[in-house]
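Novice: Have a look at the structure that comes next, please.
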Amino acid sequence: MSVEARALAQRVREHVVDVCATVEGGHLGGSLSCVDILAVLYGAVLRVDPDRPDDPGRDVFLLSKGHAAIALYATLAERGFLPRGELAGYGVLGSRLTGHPVRAVPGVELPTGSLGHGLALGLGLALAARLDGRSGRVVVLLGDGELQEGSCWEAATVAAAHGADRLVAVVDRNDLQQTGPTARHAPPELLADRWRASGWAVREVDGHDHAALLDVLGGAPWEPGRPSVVIARTVKGHGLPFVAGRTHSHYATLSPRQHAKARRALDDFHAGRRP
Amino acid sequence: MTGPSEATGPSTRHAYRDELVRLMAADPGLLCLDSDTGLFSGIDFGDAAARYLDVGIAEHTLMGVAAGLAAGGWTPFVNTMATFAATRALEAVKIDIAYNALPVRIVATHGGVSAGHLGPTHHALEDLAVMRALPGVTVVVPVDARSTESVIRQLASLPGPAYVRLGRKPTPPLDGVPLPVLGRVQPLRAGRQVVLVACGPLPTRAAVAAAELLAGDGLDVGVLHAHTLAPFDTATLVGAVGDAELVVTVEEHWRTGGLGSVVAEALCELAPRRLARVAVADRFVDTVGSQEQILERHHVSPTGVAGRVRAELGLAADRGPSHAASHRKEIHP
């Protein structure tokens, strides 16, 4: 397990909790569920350089589940794309840190937020790289609720038809959406089969196991000519036992008391102390 | 089923197709992105073959992929039907293309009622209203094949996004008219009493012919050709309108939101005067008819436009059928 990715994940979780305690609050649960995925990507997998953000040979990351913007901003800050101090200004007049990612934020490739756009965008970027003879990969992080949008499957089908093997999708499968379990709308157990049937190579991992994430993400694409998808089993609100796995973790504006409690809980979590 | 056809000359979509192939051969940065339209069937792209991509029947993905390709440094020409671009895939156009101000050229065929008897699911009577509402999108309606070639050439170097509305069947050329300049209203005929403003192949020809008919009545009628709805050349409009007592717009679009609205907005702010809009009535067209027949029924025709002008001026319609009553019904439904 990469010490760097583990430390990165811890700091990002702390930032997420801190930002959700600012005036506008934030999408707490869905940001926490993907922290480990982001930490492994930005800590160990993606070829990106904050000093050369336009390097044509870079890997590209798109946060298709754009409401997890806080997790992305925190990760980008920890990796040096923007100052850590800027996070405290999230949601405040004059800040460039909007509730869903925008291009004005260094490290954000394309704006997202309306679910169901990222995969087509990523496919376009992957095809652009292929036409240019560039080797960079494009990683697109999607939510499992987001996959209820048909546009995702339309893009997935086209990606497979075009053999876009530089395209890697990651599904943050936390089994929850804003109003409750995703299972009410689409059976989660069919997810892997749906991707396979769409022509993708599929791996399923524990989305909080850094070693497992590194193994599959680092090794993608696994099959030449076939795009790859990592279905990462995660917990919404992971790291905070009092919200983990709960619907109400979706959005939170933490009071000072809740903020303090959350930071203590994170300290325990990171130290391996169970409640 | 089909009315008398003036079908001479190539269609605007075939003229575009052939011009794009020429441009792609010369400019290695251009791409052609298709969605099973069939427009490029049998076309030999030669060395540019790798730059033709077909995503299939997937318009939302079409626009998202176009945006990704453009963000990756390419200049895509994107092909679909007008209504699919403007409504079906609109969110991707709005957020992925327009919001990012990417150099994507959406070339949308079957604009207006050029799909004729194929019905409302294939008509695009809202596309100009929709597309011009998106900040930064250039919206242009070429008037014939020759103009289409010129517009496409100009678009190859436009830094931002563009929407080009083309037709379906062969389009008669508008003779004696200079090539269009993107973003500029084109005066076709001088006239100070009434000014007609038109866009689109059939409406523009109707306006030109109507001006001739009205000149026979002793009226001094000017004609402006407004191929570019956005950005709109208000300066030329205001200058040409001068002291005219009446401005009449002519278009192949619902009355709401298209050229008539563009001109209404401009005149209201800059040079208020009486305006009448000749357009397709604000309802879905689900009766069978060709493009020409549908437009004739909505008075988008030489006699229809001339009749409207006479009605607005309170003149006797002794030179042709009176449309006064039906016009008033259109104005006050």
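Novice: Is the protein assembly as shown rounded, prolate or oblate when judged by the Cα gyration tensor, a ≥ b ≥ c being the square roots of its eigenvalues, rounded requiring a/c under 1.5 and prolate requiring a/b larger than b/c?
Specialist: Values: a/c = 2.64, a/b = 2.10, b/c = 1.26.
Prolate is the answer for the protein assembly as shown, as a/c is 1.5 or above and a/b outweighs b/c.
Novice: Right, next: Springs between alpha-carbon pairs under 10 angstrom, Gaussian network model over chain A: which of A:GLY99, A:GLY91, A:GLY219 fluctuates most?
Specialist: A:GLY219
Novice: At 1.4 Å probe radius, can you tell me the per residue accessible area of segment B:23-109 in Å²?
Specialist: Values: 2760 Å² over 87 residues.
Ligands and nucleic acids excluded, the figure is 32 Å² per residue.
Novice: To continue, here is another question. Tally Lys/Arg at +1 and Asp/Glu at -1 over every other residue whose Cβ is under 10 Å from the Cβ of A:HIS208; what's the total?
Specialist: Numbers: positive: A:ARG233; negative: A:ASP36, A:ASP206, A:ASP209.
In short, -2.
Novice: Quick one: accessible surface of B:ILE57, probe radius 1.4 Å, all protein chains present, in square angstrom to the nearest 10.
Specialist: For B:ILE57, solvent-accessible area is about 140 Å².
Novice: What ³J(HN,Hα) values, in whole Hz, does the Karplus curve 6.51 cos²θ - 1.76 cosθ + 1.60 give for segment A:44-51 when θ = phi - 60°, with x put for Gly and Pro?
Specialist: 9, 10, 6, 8, 9, 9, x, 7
Novice: Report the accessible surface area buried between chains A and B, summing both sides, using a 1.4 Å probe on protein heavy atoms only, in Å² rounded to the nearest 100. Walk me through the numbers before you get to the answer.
Specialist: On the way: alone 11520 and 13420 Å², together 23080 Å².
That pair of chains buries around 1900 Å² in total.
Novice: Work out the length of the dipole vector of segment A:19-157 about its Cα centre, built from +1 on the beta-carbon of each Lys and Arg and -1 on the beta-carbon of each Asp and Glu, and round it to the nearest 20 debye. If you can, show how the numbers build up before the last one.
Specialist: Working: 11 positive and 15 negative charges, 47 e Å.
The calculation lands at about 220 debye.
Novice: Right, here's the next one. Suppose all protein chains stay in the model; what accessible area per residue would a 1.4 Å probe give for segment A:129-205, in Å²? Please list the in-between numbers first.
Specialist: Numbers: 2970 Å² over 77 residues.
With all protein chains present, segment A:129-205 gives 39 Å² per residue.
Novice: Convert 10 °C to kelvin, take the viscosity as 1.306 mPa s, use the Kirkwood radius over C-alpha pairs of segment A:29-164 as Rh, and evaluate the Stokes-Einstein diffusion coefficient in µm²/s, rounded to a whole number. Intermediate values should be presented prior to the final figure.
Specialist: Numbers: Rh = 15.3 Å.
After rounding, the answer is 103 µm²/s.
Novice: Which of A:ALA104, A:TRP195, A:GLY118 sits closest to the plus end of the dipole of segment A:60-210, meaning its Cα is farthest towards the positive end, when Lys and Arg get +1 and Asp and Glu get -1 on the C-beta?
Specialist: So the residue furthest toward the plus end is A:ALA104.
Novice: Relative to the longest principal axis of the C-alpha atoms of chain B, give the angle of the C-alpha long axis of helix B:59-71, reported between 0 and 90° and rounded to the nearest 10°.
Specialist: Helix B:59-71 and the main axis of chain B meet at about 70 degrees.
Novice: Let me confirm one metric for peptide B:52-61, namely the mean number of other chain beta-carbon atoms within 10 Å of its residues' beta-carbons.
Specialist: What the average comes to for B:52-61 is 6.
Novice: For chain A, what does the helix formula give at 222 nm: sum of -39500 (n - 2.57) over DSSP H segments with n ≥ 4, over the residue count, nearest 500 deg cm²/dmol?
Specialist: Values: 9 runs with 98 residues, N = 275.
Mean residue ellipticity, 222 nm, calculated: -11000 deg cm²/dmol.
Novice: Here is a further query. Just order A:139-148, B:164-173 by mean Cβ neighbour count inside 10 Å, highest at the front, would you? Can you show the working numbers first?
Specialist: Values: A:139-148: 25.4, B:164-173: 23.6.
So the peptides A:139-148, B:164-173, ranked by packing, come out A:139-148, B:164-173.
Novice: Oh, and also: Of the accessible area of the protein assembly as shown, with the probe set at 1.4 angstrom, what percent is carbon plus sulfur? The partial results should precede the final answer.
Specialist: Working: 12220 of 23080 Å².
Whole-percent figure for carbon plus sulfur exposure: 53.
Novice: Within 10 Å of each Cβ in A:102-112, how many Cβ atoms from other chains are there, averaged over the peptide? Let's see the in-between values first.
Specialist: Working: counts 2, 4, 0, 0, 0, 0, 0, 3, 9, 4, 2.
Mean partner shielding for this stretch: 2.
Novice: Related question: Give me the angle, in degrees from 0 to 90, between the Cα long axis of helix A:3-19 and the longest principal axis of the Cα atoms of chain A, rounded to the nearest 10.
Specialist: Helix A:3-19 sits roughly 60 degrees off the main axis of chain A.
Novice: Still on this structure, I have one more. At a probe size of 1.4 Å, how large is the accessible area of B:LYS94, to the nearest 10 Å²?
Specialist: 110 Å²
Novice: In addition: In sequence order, what are the phi-derived ³J(HN,Hα) couplings for segment A:22-38 according to the Karplus relation 6.51 cos²θ - 1.76 cosθ + 1.60 with θ = phi - 60°, rounded to whole Hz, with x for glycine and proline?
Specialist: Per residue, the Karplus-derived 3J(HN,Hα) values read 7, 4, 8, x, x, 7, 5, x, x, 7, 5, 5, 10, 4, 5, 4, 5 Hz.
Novice: Now for a separate question. How would segment B:146-243 be classified by its alpha-carbon gyration tensor: rounded, prolate or oblate, with rounded meaning a/c under 1.5 and the a/b versus b/c comparison settling the rest?
Specialist: Details: a/c = 2.67, a/b = 1.52, b/c = 1.76.
Because a/c hits 1.5 or more and a/b fails to exceed b/c, segment B:146-243 counts as oblate.
Novice: Moving to a separate point now. Treating only the Cβ atoms of Lys and Arg (+1) and Asp and Glu (-1) as charged, compute the dipole magnitude of segment B:274-317 about its Cα centre; round to the nearest 20 debye.
Specialist: Working: 6 positive and 5 negative charges, 47 e Å.
Computed charge dipole of segment B:274-317: roughly 220 debye.
Novice: Aspartates and glutamates near B:LYS169 by alpha-carbon distance under 12 Å, same-chain residues fewer than 8 away left out - which ones?
Specialist: Straight-line reach from B:LYS169, under 12 Å: B:GLU6, B:ASP144, B:GLU292.
Novice: I've got another one for you. Defining a contact as two alpha carbons under 8 Å apart and six or more residues distant in sequence, what relative contact order in percent does chain B show?
Specialist: On the way: 718 pairs, mean separation 56.3, N = 333.
Answer for chain B is 17 percent.
Novice: How high is the relative contact order of segment A:1-156, in percent, counting Cα pairs under 8 Å that sit 6 or more residues apart?
Specialist: Working: 243 pairs, mean separation 38.0, N = 156.
Relative contact order for segment A:1-156 comes out at 24 percent.
Novice: Additional query: Could you tell me how many cubic angstrom of Cα convex hull volume chain B has per residue?
Specialist: Working: hull volume 42.0 nm³, N = 333.
With only Cα atoms used, chain B gives 126 Å³ per residue.
Novice: Something else about it: Can you give the Rg to Rh ratio of chain A, both from alpha-carbon atoms, with Rh computed by the Kirkwood formula?
Specialist: Reported Rg/Rh, Kirkwood definition of Rh: 0.94.
Novice: What accessible surface, in Å², does a 1.4 Å probe find on A:PHE242, ignoring ligands, DNA and RNA and rounding to the nearest 10?
Specialist: Its heavy atoms expose roughly 60 Å² to the probe.
Novice: Still on this model: Return the sequence-ordered ³J(HN,Hα) values of segment B:138-146 in whole Hz as given by the Karplus equation 6.51 cos²θ - 1.76 cosθ + 1.60 applied to θ = phi - 60°, using x for Gly and Pro.
Specialist: 6, 10, 9, 10, x, 8, 7, 5, 4
Novice: Which of rounded, prolate or oblate describes segment B:1-117 when judged by the alpha-carbon gyration tensor and an a/c cut-off of 1.5?
Specialist: Values: a/c = 2.17, a/b = 1.26, b/c = 1.72.
Oblate shape, in that a/c is at least 1.5 and b/c is the bigger or equal ratio.
Novice: To continue, here is another question. Only Cα pairs under 8 Å and at least 6 apart count here; give the relative contact order of segment B:228-274 as a rounded whole percent.
Specialist: Values: 24 pairs, mean separation 20.0, N = 47.
Computed value for segment B:228-274: 43 percent relative contact order.
Novice: Is there a quick way to get the dipole size of segment A:60-134? I mean about its Cα centre, with the Cβ of Lys and Arg at +1 and of Asp and Glu at -1; what is the value in debye to the nearest 20? Don't jump to the answer; show the numbers that get you there.
Specialist: Values: 7 positive and 4 negative charges, 12 e Å.
For this selection, approximately 60 debye.
Novice: At 222 nm, what helix-only mean residue ellipticity would chain B give, in deg cm²/dmol to the nearest 500, using -39500 (n - 2.57) for each DSSP H run of four or more?
Specialist: On the way: 10 runs with 107 residues, N = 333.
Mean residue ellipticity at 222 nm (helix-derived): -9500 deg cm²/dmol.
Novice: Per-residue Cβ counts within 10 Å, from other chains only, averaged over A:114-122: what number is that?
Specialist: Numbers: counts 5, 0, 4, 10, 3, 4, 13, 13, 3.
So the per-residue partner count for this stretch is 6.
Novice: In addition: Calculate how steeply helix A:256-271 sits against the longest principal axis of the alpha-carbon atoms of chain A, using the helix alpha-carbon long axis, and give the answer as 0 to 90 degrees to the nearest 10.
Specialist: 60 degrees
Novice: Just to confirm a number: summing +1 for Lys and Arg and -1 for Asp and Glu over residues other than B:VAL208 whose beta-carbon lies under 11 angstrom from that of B:VAL208, what do you get?
Specialist: Details: positive: B:ARG189, B:ARG205; negative: B:ASP175, B:GLU212.
Around B:VAL208, the charge tally is 0.
Novice: Going toward the positive end of the dipole of segment B:1-90, with +1 on Lys and Arg Cβ and -1 on Asp and Glu Cβ, which of B:GLY68, B:GLY46, B:ALA86 do you reach last?
Specialist: Final value for the positive-end residue is B:ALA86.
The values are calculated or read from the model by the stated rules, or taken from the named source; none is laboratory data. A quick note: this is a predicted structure, and the numbers were derived from the prediction, not measured. No Cβ is skipped: glycine too gets one built from the backbone with ideal geometry, and neighbour counts run over all protein chains shown. Accessible surface areas use protein heavy atoms only, side chains included; no ligands, DNA or RNA. Shrake-Rupley method; radii C 1.70, N 1.55, O 1.52, S 1.80 Å.
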